[in-house]
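Read-outs throughout are calculated quantities, based only on the coordinates presented, and are distinct from any laboratory measurement. These numbers were taken from a predicted model, which means no experiment stands behind them. Using ideal geometry, Cβ is built from the backbone for each residue, glycine included, and neighbour counts are taken over all protein chains shown.
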Amino acid sequence: MNRPGKIVCVGRNYAAHAKELGNDVPDKPLLFLKPPSAVIADGDTIILPPDSNQVEHEAEIGIVIGKRLRNVSESEAIAGIAGITCVNDVTARDLQKADGQWTRAKGFDTFCPMGPRVVPLPAKYGDIEVMARVNGKERQHAKASEMVFGLVYLVSYISRIMTLEPGDLIATGTPDGVGPLAPGDTVEIEVSGVGVLKNPVR
Ligand code: ZN
């Protein structure tokens, strides 16, 4: 899988997750960027940085862009999606709270596992399920239909702000159940129809 040119992420896109962190659901998609240098593949190791005492997993459905998209409608957006994949938006929660913006908390090397493959967006994309397991125990499980802003709407919305290029990745937000990662853990993100993204933690 090629490294994306940019990674656009959506915060607080599931009501139950916004609530577990004490936040309201935004009335417009809350966007932030992760650096492409954070990307690792299936099987690679997530490195916990010494700067943080609270690194957490975030299971997300990733959208990989297939065509240049600028200011597109939702139907044009569907035609421009290469497919979906698994993303782990690894987050240093303590630094996220301390900094007030999220570049450091979300930007460490190895903080964006993605893969193991890209599959076409299914027609009934609201039925896509996303799950996280740590050491085989389920921590997160939700359906895309629970999102505040849907997958295709997000592509159209983002394309009105910045041109999306082939290979760009959109991480569409995480459901409730986020939790800490410790050295020696193995974290799995599963998206139905895609497979399992599995990474050890050290
Ligand atoms: Zn996230």
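Simple rule: put +1 on each Lys or Arg Cβ and -1 on each Asp or Glu Cβ in the chain, find the dipole, and look at P29, A142, G184; the Cα lying farthest toward the positive end is P29. Placing unit charges on the Cβ atoms of the charged side chains and taking the dipole of the chain about its Cα centre, the candidate lying farthest along the positive direction among T91, S75, V39 is S75. For T186, the residues whose amide H sits under 5 Å from its own are N135, ignoring neighbours fewer than 5 places away on the same chain, with H placed 1.01 Å from N.
Here the dipole of the chain is about 400 debye; that uses its Cα centre as origin and unit charges on the Cβ of Lys and Arg (positive) and Asp and Glu (negative). Based on C-alpha pairs under 8 angstrom that are at least 6 apart in sequence, the chain has a relative contact order of 34 percent. Taking 13 Å as the straight-line reach from the Cα of K34, the aspartates and glutamates in range (excluding those fewer than 8 positions away in the same chain) are D89, D109, D168.
Taking the dipole about the Cα centre of region 7-200, with the C-beta of Lys and Arg at +1 and of Asp and Glu at -1, give me whichever of M131, W102, N53 is farthest to the positive side. Toward the positive end, the furthest listed residue is W102.
Of the beta bridges in the chain, as assigned by DSSP with both residues counted there, near 85 percent are antiparallel.
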